[in-house]
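The next block holds one structure in the form of structure tokens; read it before the comments.
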């Protein structure tokens, strides 16, 4: 997944990987690493959608610094080898790594290479708590998906993980498993496929839900963007008809310009989405989801102002904006692979 070369040294240094790469390191440990599979290792964490991820890991060693070192330190503590998560790979971190490696039947050289990373990472998900969650939260923030590093895997962490997974073409299930850990750790050095084709992206505004944004991209380049709203002002994704659209990736089921139901006129029909509330609560299925506006079945505007951005959990645009969006997609012949990414 990562093509590690000497030319990457500057990039690696900026994310705390100055200790070098480890494509070959732990080569004699790969077989033995199977004895130390991470928790819930059967879960892909975020299996690639249409992309094959051959996991490669960076090497951390004495002298390395940065957020990835801090994440490794949190993971060591989570696995019972307590060390201060200061982002500095000093003698105490070396000792903790060697102790962990010995316990996991790996070569105890004090270097966190592929075999050690595979044994060190554990799957975390909604309801998880502790240092492994903190490690994931720190890496999410470092990769542009800011979330509080409090060690509690709540709804905001789930949303941040899904957004990260969608951006990196991973299955957006909100679980940090092996593939997601790998991309989080590799960061900007990860070989993320160049976007191809059209995609819709809905970016939520937590302070002002009615000032969120819907954008259309082609091959990774912005085509157009529009102010959008979702829900009735609640940011609870599982609150049917009042909460905003749950994060994740949606298939486009169809589109109409003369819809004649409660939603009229121009409408894009989205696939249902299962929302996972707090631990202990049952999953909630959100259905009847659309990108739409406020108009007659013939497309005549009934829009009166900002209050009309509110919707029963759908994405809502001003009439002129949804017509503009349709014009772009008509010109593109409504690509069959079109999806909506919500973050």
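Read-outs throughout are calculated quantities, based only on the coordinates presented, and are distinct from any laboratory measurement. Just so it is clear, the structure is predicted and the values come from calculations on it, not from any experiment. Cβ: placed from backbone, ideal geometry, glycine included. Neighbour counts: every protein chain shown.
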How would you rank 70, 343, 62, going from fewest to most other Cβ atoms within 10 Å of each one's own Cβ? 62, 343, 70
Gained length - residue 196 relative to residue 242, 0.36 nm times residue gap less alpha-carbon distance: 13.2 nm
What Rg and what Dmax come out for the range 198-342 when only alpha-carbon atoms are used, in angstroms? 14.5, 47
To the nearest Å, what is the center-to-center distance of the range 114-188 and the range 214-253, using C-alpha atoms only? 22
Report the normalised scattering of the range 140-273 as log10 I(q)/I(0) at q = 0.11 Å⁻¹, calculated by the Debye formula with identical scatterers on the alpha carbons. -0.46
